[in-house]
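These notes are about the structure you will find just below.
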């Protein structure tokens, strides 16, 4: 057994009652550590302590706790880069058969599971430690980013961009209001006049005369109606463009052209369909006539 002979059952029981740091130091005093002479020795000692304390916590007899620490001390230096999983399993099996042949089946299963989980799931980490990665230095680069100074807030007044935004909004709103007023006047006013139609006396009209008078009136007012409808369509188009410009200006701060286009289309579809449907219908009716 690789110990100085001073690790007795009474001593290991006393070590198990210590805090971790004191327990590692006291347990390490009972072994010689020729395997490593650098920082890896500390990892080696902590590994032995953890295995021994696991055995003690599972109720192993104290002499088996001592043997568990001996197994851990012998296994750790062999966990280098050249040890793959099958070799590691063989190593654990041989160590258990040699040092702990009289374990109960329950303790053997628990101890085997603990060593397997510790050495296999943390295999790469243990290989790095045993291989000397603990002594590798890590160079860290310090990156410093200097930002421009924050300007002082305005004591009074309006930001230039905000002022320009408000001015453009006011101009568009004023122009739009004038266009809508012209459209309202056009729709409420008379679209045609019958001054060019010669209307005879009522007692001089028969059925054919009435039909002829109606045809003459329609022919005389057709050009006036088409011109009026064209003016209304032009006003509707101008109003639509102004509304699009005003909405785009209001949402420019979002910096999302796709969002603006999609939502403006939804907002203006109803307006365009409602106001233009009657114009298109009347215009096509007079053209067909």
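Odds and ends about this structure:
- Here segment 9-134 is treated as an ellipsoid with the same Cα gyration tensor; its semi-axes, largest first and in whole Å, are 22, 19, 11.
- Packing-based exposure ordering (other Cβ within 10 Å, fewest first) of 163, 62: 163, 62
- Exposure proxy shown here: for 218, 130, the number of other Cβ atoms within 10 Å sets the order, fewest to most, as 218, 130.
- Order of 232, 180 under a 10 Å beta carbon neighbour criterion, fewest first: 180, 232
- Centroid-to-centroid separation of segment 1-72 and segment 83-122 [C-alpha atoms, Å]: 17 Å
- Gyration tensor over alpha-carbon atoms, segment 1-74, equivalent ellipsoid semi-axes in Å: 18, 13, 11
Throughout, read-outs are computed from the coordinates displayed, never taken from laboratory work. Since the structure is predicted, the reported quantities are computational estimates derived from the model, not experimental observations. Quick reminder, even Gly has a Cβ in these numbers, built from the backbone with ideal geometry, and neighbours come from all protein chains shown.
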